[in-house]
Amino acid sequence: MKKNIDFSSGIRGKHAGLDMEVLGSCKTIWAVCLTKSSSDLIPFKLYPIEAFSDSEQVRLKNEKGKLVFCPKAWFASVEVSKRTQGILEAAI
């Protein structure tokens, strides 16, 4: 179930004062990590990443299960069949 939230009158309550950025639509893809610049990622590992249409950042879970944002340039997308995608998702 999706929940629509109206922020047109500002952010109130416990989230007041937070900066928010709209990242655009999101698409989950499989990608290979190409960087050695982050201790949160393993180079050449295959990750399911969330790529945003209006951002140069991607979101993924690192090895500790923490959500992290990284530059898109650190990853190369990989096309996988539906069957292979199911196998990969079952493995993680």
Practice item. Kindly indicate the residue of the stretch 49-76 that is among the acidic types (Asp, Glu) and farther than 22 Å from GLU89 by Cβ and also least open to solvent (accessible area, probe 1.4 Å) among those meeting that condition. Key: ASP54
Review point. Going by the structure shown, is LEU46 within 22 Å of ALA90 (Cα to Cα), out of contact with any His (no Cβ under 7 Å at 6 or more places or on another chain), touching a residue at least 24 places away in the same chain (Cβ under 8 Å) and open to solvent by 40 Å² or more (accessible area, probe 1.4 Å)?
Key: yes
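The values are calculated or read from the model by the stated rules, or taken from the named source; none is laboratory data. The shown structure was predicted, so the numbers you read here are calculated from the model rather than taken from an experiment. When we count neighbours, we look across all protein chains shown, and the Cβ atoms used for this are built from the backbone with ideal geometry, even at glycine. Heavy atoms of the whole protein, side chains included, go into the accessibility calculation; ligands, DNA and RNA do not. Shrake-Rupley method; radii C 1.70, N 1.55, O 1.52, S 1.80 Å.
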